[in-house]
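What follows is one structure encoded as structure tokens, with my remarks underneath.
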Amino acid sequence: MIVIRAVRVDGQLEISVSDNGPGIPVGGIFGSRGIGLDNTRKRLRQLYGDRAVLVLRPRGGRGGAVAMISIPFRMGESP
């Protein structure tokens, strides 16, 4: 099962995608931080500076994983 959620919290847009798959192995994904994750973090930093966050974590006791991005909420604007 995949759940996608988007909410506005204190001027930030938080987008999360979670699943109930096998989860994140001990030591992370393939033993590293992942090229795709690093590239996404760099792009977010380029667009939003320290106001953007990308987190990948275990879903918490139920298996699966959660990816969450938080960026400044802007109504009707481009970055």
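Tabulated results
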{"quantity": "The chain: angle of helix 35-48 to the longest principal axis, Cα-based, in degrees nearest 10", "calculated": "20"}
{"quantity": "Relative contact order for the stretch 2-72, counting Cα pairs under 8 Å that sit 6 or more residues apart, in percent", "calculated": "39"}
{"quantity": "Residue of ILE24, ILE69, ILE35 that the Gaussian network model of the chain assigns the largest fluctuation, springs spanning Cα pairs under 10 Å", "calculated": "ILE35"}
{"quantity": "Calculated Cα extents along the principal axes in Å (choose from (i) 59, 33, 21; (ii) 45, 33, 19; (iii) 38, 24, 17), label", "calculated": "(iii)"}
{"quantity": "Cα-centre dipole for the chain with unit charges at Cβ (Lys and Arg positive, Asp and Glu negative), debye to 20", "calculated": "80"}
{"quantity": "Cut-off of 10 Å, at most 14 other beta carbons, DSSP loop: longest stretch of the chain lacking such trypsin sites (Lys or Arg not before Pro)", "calculated": "1-32"}
{"quantity": "Environment charge at ALA65 (Cβ cut-off 11 Å; Lys +1, Arg +1, Asp -1, Glu -1)", "calculated": "+2"}
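A short reminder: the numbers here are calculations on the coordinates, not readings from a lab. Fair warning: this is a prediction, and the values are worked out from it, not measured in the lab. Note that we place each Cβ from the backbone using ideal geometry, even for glycine, and neighbour counts take in every protein chain shown.
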